[in-house]
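Everything below concerns the one structure shown next.
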Protein chains: 2
Amino acid sequence: MIRNSDTCRSNCPINFVLETFGDRWTLLIVRDLMFKGKQTYGDFLESEEQISTNILADRLRRLEAHDIVQKTVAKDNRSKFLYRFTDKGKDLIPIMLEVTAWSARHDSLSNVPTTFLSDYKNGREQMIAAVRANLD
Amino acid sequence: MIRNSDTCRSNCPINFVLETFGDRWTLLIVRDLMFKGKQTYGDFLESEEQISTNILADRLRRLEAHDIVQKTVAKDNRSKFLYRFTDKGKDLIPIMLEVTAWSARHDSLSNVPTTFLSDYKNGREQMIAAVRANLD
DNA sequence: TCAAATAATTGCATTTTGCAAGTACTTTTT
DNA sequence: AAAAAGTACTTGCAAAATGCAATTATTTGA
């Protein structure tokens, strides 16, 4: 995917993220991949937000085009594909944790472990490293 | 705006953020308010991404409904309104800086000051405080 | 060979977006 | 006092994206 003025509305860093993640579904796939150990099309379909099959296929295609995920054939089953983060994708960890922290602070109904906020405040870098270690 | 299962697809913290910011425009308004000193409808319209008037009106309405911004009448002109962050809105600063950092790392065309990444790495809390001080 | 598993694509109705034009109220100018 | 300009929208309509259900294609396992 070429990055130029044809594909982006501006060269603003906030806008750059929106060009890839500015919709209601893409970040849920990132979440599943990052925190829930999901890796396949079927895995993503099972999430409680109920993404539909055409949207899922489209978003996975876009994530691959933007070099956030890499698609590979599963070793055990050639009709199954595994989606994994690229380094660029793994580097979204700090954003995702910050988003989680914001919801933890401002939405009492959000399902966040009770210790999350203090753990995050006291050991942000360790938490980032732990999530990363889990992905590698 | 009531927060319950009618208005949210799930109680996931990532999804909670998407319910408010999961589109291509809302975060640009947040950016303008947070980093560019913009405060009025006309200000937001001028941004280079060229939001259209109906979308802008809709997004400002939603941001207000979600208690991210507060709308007040301007002192100097009663046909002019000022949009300002609530505390919940100001608390988006860490997310916005993390998003900026990600684009700085992964998009060479993003307009980010050359010193941003080292400043951010060395003094994250100070940078957050500086942006916040600028808003108050 | 046939059923199951996996990953999609297709068609169509609904919703959202984008664009241009128009409206309403306030302030400034004459 | 009337006209023009400033500010913040709303409206109507075409185009694009989304959501849903059904169907297709390929590989695997019995």
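Computed from the coordinates by the stated procedures, all read-outs in this text should not be read as laboratory data. Everything quoted here is computed from the prediction, not taken from an experiment. Here Cβ is always computed from backbone atoms with ideal geometry, including for glycine, and neighbour counts include all displayed protein chains.
Descriptive notes on the structure:
- Screening A:Asp67 on (1) part of a loop (DSSP other than H, G, I, E, B); (2) more than 10 Å from every other protein chain (Cβ to nearest Cβ) shows it passes everything except condition (2).
- Looking only at segment A:83-118, and only at residues there that are away from chain B (no Cβ under 14 Å) and within 27 Å of B:Ser103 (Cβ to Cβ), the one that is surrounded by the fewest Cβ atoms within 10 Å (Cβ to Cβ): A:Arg84
- Taken over segment A:73-101, the residue count meeting the criterion of being of a type in the set (S, T, N, Q) and more than 16 Å from DNA strand D (Cβ to nearest atom) is 2.
- Test for A:Val30: is it touching a residue at least 60 places away in the same chain (Cβ under 8 Å), closer than 26 Å to B:Arg3 by Cβ and within 14 Å of chain B (Cβ to nearest Cβ): yes
- The lone exception for A:Gln70 - which of (1) within 16 Å of the chain's Cα centre (by Cα); (2) among the polar types (S, T, N, Q); (3) within 16 Å of DNA strand D (Cβ to nearest atom) it fails: (3)
- Test: residue in segment B:36-45 that is over 20 Å from A:Leu27 (Cβ atoms), at the interface with chain A (Cβ under 8 Å from one of its Cβ atoms) and either touching a strand residue (DSSP E or B) at 6+ places or on another chain (Cβ under 7 Å) or of a type outside the set (Phe, Trp, Tyr) (or both): no
- Complete set of residues in segment B:46-64 that are surrounded by fewer than 12 Cβ atoms within 10 Å (Cβ to Cβ) and facing another protein chain (nearest Cβ under 10 Å): B:Glu48, B:Gln50
- Single match in B:Glu64, B:Glu125, B:Glu98 (criterion: touching a Pro at 6+ places or on another chain (Cβ under 6 Å) and without any contact (Cβ under 8 Å) to a residue 40 or more places away in the chain): B:Glu98
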